[in-house]
Amino acid sequence: MRLFLGILLGVFITIAGAYIYDSMTAGSATASTQASPGDVNKPMVNWDVVNRDWHQLTDRLRHTWNRLTERT
């Protein structure tokens, strides 16, 4: 049980740390015409992709759960 809770806590701390780091340091991901390509700070994590994948996963799980409960 402690191992499982430790794994969950580690995942939560890792995601929270990446989010805090990105929100504090990342600027705009697109380069302007005056800035050189090396001057742009890109986020560590592409949060738009994470959000899309999370919604796909929850929709798929919800669909599977509904299909399983209809059988009973």
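The values are calculated or read from the model by the stated rules, or taken from the named source; none is laboratory data. Note that the coordinates shown come from a computational prediction; the quantities given were computed from them, not determined experimentally. Positions of Cβ are backbone-derived with ideal geometry, glycine not excepted, and every protein chain shown enters the neighbour counts.
Scanning the range 29-72 for residues that are more than 18 Å from T14 (Cα to Cα), at pLDDT below 90, surrounded by 11 or more Cβ atoms within 10 Å (Cβ to Cβ) and within 24 Å of the chain's Cα centre (by Cα) yields A29, A31, V40, N41, K42.
For the range 9-23, a residue qualifies if it is aromatic (F, W, Y) and within 14 Å of V50 (Cα to Cα), and exactly one does: Y19.
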